[in-house]
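Before any comments, here is the structure.
Rule-based calculations on the coordinates, nothing more; no lab input. Remember, predicted model here, so these are calculated numbers, not experimental data. Because the Cβ atoms are built from the backbone with ideal geometry, glycine has one as well, and the counts that use them run over all protein chains shown.
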Amino acid sequence: MPKLTKRLVENLTPEPKERIIWDQELSGFGIRIYPTGRRVYVVQYRSFGRTRRKNLGQHGVLTADEARKEAKLVQADVARGGDPSAERKAKLRSPTVAQLGERFLTDYVALHCKPTTQYDYANTIRKTICPILGSIKVTEITRADIAHYHHLKRATPYRANRSVAILSKMFNVAEDWGLRPYGTNPAMRVKKYREEEKKRYLKDEEQARLGEVLFNGLETGEYSEYVVAAFYLLMLTGCRLKEIQTLKWEYVTPRHLELPDSKTGRRRIPLPLEACDVLESLPRREGNPYVILGDHPNGYYNDLQKPWRKIRAKAGLEDVRLHDLRHTYASVAVMNGIDPFTLKEIMGHKNLSTTLRYTHLSDDAVQRAAGQIANRLAGVIRGTTSASSALRIRTVRLGR
């Protein structure tokens, strides 16, 4: 086996079958000659009991000396436990982010997530993530790519943050599937944008306006009894929209709504007398199991957002979302002395911290509470003397 040099390689003649000429100086380094005359430098090594070969580059692009240096680097990598040939093949076989997204939706999300979550994941992956990151290989995407994507979406901080959270979950699953090395999730440690908390609930006069619009619309026939009942039940029970919208008669008992599945799993919802009265007033449709009926003979009222937009506009509540009725329920509960632990069970929260985020007290209640605290402290400090009077006397004496 001669030492491979530029002159020797160029003088090698092709044969009917490809062959490899090995270098005399560096074991495992050689030149592969194809019948077409093409010459490619290779390095051969053993890894985990297998013999592997890696192409280093074509002669002419690389010189013999340059290829020999590359071969030494490969051998050093192998000595440290690497397998360059397998790594290269893995990169070539690696799916794109778009392909990973589709597999993630079918093999993971469809099996482990609720329908609403499935819809949200699919919508975000296909319409928001893939147009920007979809063509990048899963093995090639970096934290810088994710951070850049997050920056591009800065105008909608909530959506930007949720997209990165979905990407993080996708790449965690990709690691479980062996598509990336463990602990290399590129969506980790991307700093989230600050999100403004949507602190909205209905005050007493707003609740009255809403009730007036609902029942006037019911009397005139502008809104169906099922639409009015749905919004009224949301107010009376603190349920989530889907829990009322897809409610079936078989879940209704004299004292509870027994939901076999909800956002937080199986749930028992207390049913007050006022809500029972609403349910008893609703006609049933033969063959239809749902409580809130729409036009479809066998289904439920599919789009409650459309009538809600009309109702809230008439009531002067344009900024109120349907979910804010749930906020209102929690706020009224706290203002009437319901402790957070009891409210947690009523609302069906897994964690108390979630309940505390929902219990937004009204500004008036906060003002009254602050006044009570200050009054008590001032009473102790001033004794029988009015602190405000003392301050006015002192101000007069100082000539202010």
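With a cut-off of 13 Å between beta carbons, the residues surrounding Lys127 carry a summed charge of +3, where Lys and Arg count +1 and Asp and Glu -1. Summarising the amide proton neighbourhood of Gly57: residues at separation of 5 or more, or on other chains, whose placed amide H is nearer than 5 Å comprise Tyr41.
Here Lys344 is the anchor, and the lysines within straight C-alpha reach of less than 19 Å, apart from those fewer than 8 places off in the same chain, are Lys199, Lys242, Lys263. By the count of neighbouring beta-carbon atoms within 10 Å, fewest first, Ser331, Ser353 end up ordered Ser353, Ser331. Put in order of Cβ neighbour count within 10 Å, fewest first, the listed residues Ile125, Ile20, Ile381, Ile33 become Ile381, Ile20, Ile33, Ile125. Note that segment 95-103 has calculated 3J(HN,Hα) couplings of x, 7, 4, 5, 5, 4, x, 5, 5 Hz, one per residue in order, obtained from phi through the Karplus relation 6.51 cos²θ - 1.76 cosθ + 1.60 (θ = phi - 60°); glycine and proline are x.
Enclosing the Cα atoms of the chain in their convex hull gives a volume equal to 314 cubic angstrom per residue. Among Thr51, Thr264, the order by Cβ neighbours within 10 angstrom, fewest to most, reads Thr51, Thr264. Less than 5 angstrom separates the built amide H of Leu293 from those of Tyr301, all sequence-distant by 5 or more or on a different chain.
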